[in-house]
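Engineer: Take this structure, written in structure tokens, and hold onto it; I'll ask about it next.
The values are calculated or read from the model by the stated rules, or taken from the named source; none is laboratory data. Note that this is a predicted model, so its numbers are computed, not measured. Here Cβ is always computed from backbone atoms with ideal geometry, including for glycine, and neighbour counts include all displayed protein chains.
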């Protein structure tokens, strides 16, 4: 059963949406804490998010940006904002569909089904900043091209992308590479990290793998990282 997360602050609208989706055979999760919506959605990892733009204490645009920047699941905007600039902004942030309220039940369900169908087979894809990584084949999709990474490089990149915005310990990386943390081979780990860094640079990736002193490494966008 496909899981759909509903991010809607108006109780009657949220209840109607949830009831309609459940009747159509979907499992529904309702998000009620909007200032932490992106974190909640990441934890739930639904098959689809239906997102309102006008939320108390939070911007639907910001939630869309955060969700699409760190996850591979689709976002359908359902909002009363009917201005073209709002639709274009949402689509530029990665939204997959944009519908305005009021919306006929048949149209909404058709768009939901269409988006879900487009995303079938993408459950193995991890979404990073301007790239996708297939965790089964370690194929990296970036800049309208694809590259199959060597297995160890793919394992390392998968580990970093699976833990966005946090430090990955040496133990985490060794577990990813060799399935054990009983013996950490610093030299072998450095060799594999160096190879991945070289590949990333060659592909023009924005991210940098930076050391976090005494802990491990983290994947950072741009030139600034943490050394603490």
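Engineer: Against the definition (touching a strand residue (DSSP E or B) at 6+ places or on another chain (Cβ under 7 Å) and at pLDDT 95 or above), how does residue 112 come out, yes or no?
Structural biologist: Working: touching a strand residue (DSSP E or B) at 6+ places or on another chain (Cβ under 7 Å): yes; at pLDDT 95 or above: yes.
Answer is yes for this residue.
Engineer: Taking the criterion of being loosely packed, with under 15 Cβ neighbours inside 10 Å and touching a strand residue (DSSP E or B) at 6+ places or on another chain (Cβ under 9 Å), would at least one residue in segment 75-84 satisfy it?
Structural biologist: yes
Engineer: Same structure again: Identify the single condition in (1) part of a loop (DSSP other than H, G, I, E, B); (2) at pLDDT 90 or above; (3) closer than 30 Å to residue 145 by Cβ that residue 90 does not satisfy, given that it satisfies every other one.
Structural biologist: Only one criterion in (1) part of a loop (DSSP other than H, G, I, E, B); (2) at pLDDT 90 or above; (3) closer than 30 Å to residue 145 by Cβ is unmet by residue 90, namely (1).
Engineer: Restricted to segment 22-34, and to residues that are more than 23 Å from the chain's Cα centre (by Cα) and part of a helix (DSSP H, G or I), which residue is surrounded by the most Cβ atoms within 10 Å (Cβ to Cβ)?
Structural biologist: Here the residue is 22.
Engineer: Checking residue 54 against (1) in contact (Cβ under 8 Å) with a residue 60 or more places away in the chain; (2) more than 19 Å from the chain's Cα centre (by Cα), which single condition isn't satisfied?
Structural biologist: Here residue 54 clears every test but (1).
Engineer: Take the residues in segment 3-16 that are touching a residue at least 40 places away in the same chain (Cβ under 8 Å) and within 27 Å of residue 120 (Cβ to Cβ); name whichever of them is farthest from the chain's Cα centre (by Cα).
Structural biologist: The extreme case among them is 8.
Engineer: Being assigned to a loop (DSSP other than H, G, I, E, B) and closer than 14 Å to residue 8 by Cα is the filter here; which residues of segment 35-55 pass it? Before the answer, list the steps.
Structural biologist: Applying the first criterion (assigned to a loop (DSSP other than H, G, I, E, B)) to segment 35-55 yields 45-47, 52-53.
Correct list: 52, 53.
Engineer: Please work out which residue is surrounded by the fewest Cβ atoms within 10 Å (Cβ to Cβ), limiting yourself to segment 57-71 and to residues that are more than 14 Å from residue 98 (Cβ to Cβ) and more than 9 Å from the chain's Cα centre (by Cα).
Structural biologist: 57
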